[in-house]
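Below is one structure, written out as structure tokens, with a few remarks after it.
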Amino acid sequence: MRQVPNVHDAEPIPAAAKQAIEELLQSGDLFRYNSEEAPVSLLEREFADLLGAKYALAVSSCSAALFLSLKALDLPRDAKVLIPGFTFAAVPSSIVHADCIPVLCEVGPNYRIDLADFEAKLDDVQAVIISHMRGHTSDMDAIMSLCEARNIPVVEDAAHSLGTTWNGRNIGTIGRVGCFSFQSYKMINAGEGGILITDDADLVARAVIMSGAYEHNWKKHKGPIGENSSDLEEAFARWQNQLPLYNLRMNNLSAVVIRPQIPELARRVRDGLVNHDYVAARLNGSAYLDVPPPLAPEQRAPDSIQFNLVDMDEAETRAFAQVAAEQGVKVQVFGLSTDNARAFWNWQFLPEKQELPKTRDMLMRACDVRLPVRLSRDELDVIADILLEAAEIVKGEQRAYGT
Ligand SMILES: *Cc1c(COP(=O)(O)O)cnc(C)c1O
């Protein structure tokens with residue numbers, strides 16, 4: 001039998017991390033505010049510079065970054081926050097956590113926001129989180145002009161979009177705030193962790209304090225090197241003692257695991273895109289599989305592939321996933337498992353039940369397959385072969401199922 005690649009193991013952490021971990025363990029300096037040049041502070045500067053933002057705040061997860069972004073926007077209790085109906089349960093959860101109310105908008109068969117539904121719901125909301133789910137970028141030009149016309153702040157959930165660009169601009173720098181994840185399934189893996197970036201001194205000052213920079217620890221947060229930092233200092237002075245401390249800080253150990261991966265990012269992004277596009281071209285050769293193309297301004301950074309099943313009913317969809325699984329490739333159809341955290345009807349913690357027929361229809365036939373960037377061409381072929389064969393077995397001339 002052919003060897004099916006392991007798609008669950010992450011890439012090893014670069015050896016440079018070992019030395020830094022050893023030094024950290026020797027010094028015992030795990031808390032970010034023990035020193036001025038703590039690894040977490042260095043990471044913040046490097047990450048902000050990498051993406052071209054003025055400020056970065058590293059925290060315990062992307063969910064924490066989203067929560068702090070909403071809190072930093074100073075939204076009133078029960079403010080409505082619009083999000084796409086296709087995202088991870090942590091996103092509406094961060095809104096509930098911030099005492100706000102998630103409002104869901106439709107997502108089309110290409111996994112991107114349905115702009116007609118987005119616009120129809122926009123006048124009733126006070127903020128927007130654009131979740132670039134699985135790194136698929138919605139039309140940010142249209143979204144920004146609709147939101148700017150109404151003065152509605154946009155938070156980008158770029159958890160899965162590190163390295164993605166839109167018209168050459170880094171995803172996460174288009175909205176007022178961009179939030180990223182360092183959880184193990186993302187481009188940079190620290191097990192857990194998150195970071196937010198912004199150019200807004202007042203917003204970052206609020207987020208820094210609420211993340212747990214108690215007393216004068218905010219003094220260890222600086223703006224871009226060489227820039228007059230009076231905006232930031234004034235903002236910190238304004239908010240001193242005014243805000244709750246939620247203690248969502250990042251540990252220095254996480255930062256030393258993350259920092260040596262930053263130089264690897266460009267390679268990971270490049271390989272991930274080449275791998276994805278290779279498999280996409282092969283899958284699109286089948287009449288039963290459809291990988292939607294990116295939008296024209298979008299340069300993607302994928303580490304998984306999503307595709308739609310064409311003309312398959314629910315029984316055939318289940319059969320497709322089963323045949324692929326028997327051959328060793330796990331296909332997750334977002335809407336088919338009872339507990340999938342990316343299916344909006346499973347977010348039963350929402351204050352109001354919301355129905356999204358288009359998004360539901362997409363989730364019932366959209367498939368998700370992991371495609372770690374380290375896979376070789378031969379390994380990609382094994383995965384593509386299994387998916388193509390499964391489609392052929394279920395729908396092709398020698399139908400074995402559903403007859
Ligand atoms: C992973 C992910 C999150 C959550 O990130 P955490 O760091 O685990 O909180 C949120 N949104 C999207 C799109 C994600 O992929």
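List the number of the failed condition for R77; all other conditions in (1) farther than 23 Å from S211 by Cα; (2) more than 15 Å from the ligand (Cβ to nearest atom) hold.
(1)
For the subset of region 56-68 comprising residues that are among the small types (G, A, S) and in contact with a helix residue (DSSP H, G or I) (Cβ under 7 Å, 6 or more places away or on another chain), which member is nearest to the ligand (Cβ to nearest atom)?
Quick first cut of region 56-68, residues among the small types (G, A, S) only: 56, 58, 60-61, 63-65.
Imposing the further condition that a residue be in contact with a helix residue (DSSP H, G or I) (Cβ under 7 Å, 6 or more places away or on another chain) reduces the set to 56, 58, 63.
Details: A56: 15, A58: 12, S63: 3 Å.
Among residues in region 56-68 that are among the small types (G, A, S) and in contact with a helix residue (DSSP H, G or I) (Cβ under 7 Å, 6 or more places away or on another chain), the one nearest to the ligand (Cβ to nearest atom) is S63.
Given the conditions (1) polar (S, T, N, Q); (2) part of a loop (DSSP other than H, G, I, E, B); (3) in contact with a helix residue (DSSP H, G or I) (Cβ under 6 Å, 6 or more places away or on another chain), and given that S94 satisfies all but one, which numbered condition is not satisfied?
S94 satisfies all of (1) polar (S, T, N, Q); (2) part of a loop (DSSP other than H, G, I, E, B); (3) in contact with a helix residue (DSSP H, G or I) (Cβ under 6 Å, 6 or more places away or on another chain) except (2).
Can you name the residue in region 346-387 that is touching a Lys or Arg at 6+ places or on another chain (Cβ under 9 Å) and part of a loop (DSSP other than H, G, I, E, B) and, of all such residues, is surrounded by the fewest Cβ atoms within 10 Å (Cβ to Cβ)?
R374
Quick one: how many residues across region 166-225 are away from the ligand (no atom under 16 Å from the Cβ) and either of a type in the set (S, T, Y) or within 23 Å of I21 (Cα to Cα) (or both)?
5
Within region 203-213, can one find any residue that is among the polar types (S, T, N, Q) and farther than 21 Å from L75 by Cβ? Give the steps one after another, and end with the answer.
Of region 203-213, the ones among the polar types (S, T, N, Q) are 211.
Applying the additional criterion that residues be farther than 21 Å from L75 by Cβ yields none.
Checked region 203-213: no residue is among the polar types (S, T, N, Q) and farther than 21 Å from L75 by Cβ.
Considering only residues that are more than 14 Å from the ligand (Cβ to nearest atom) and hydrophobic (A, V, I, L, M, F, W, C), which ones fall in region 153-165?
V154
Which residue pairs have Cβ atoms under 6 Å apart, sit 6 or more places apart or on different chains, and have a first residue in region 388-403 that is under 18 Å from V333 (Cβ atoms) and small (G, A, S) and a second that is at pLDDT 85 or above and part of a helix (DSSP H, G or I)?
Here the result reads A390/F320; A390/V323; A390/A324; G402/A315; G402/E316, each pair linking region 388-403 to a residue that is at pLDDT 85 or above and part of a helix (DSSP H, G or I).
The values are calculated or read from the model by the stated rules, or taken from the named source; none is laboratory data. Note that this is a predicted model, so its numbers are computed, not measured. Every residue, glycine among them, receives a Cβ derived from its backbone with ideal geometry; neighbour counts consider all protein chains shown.
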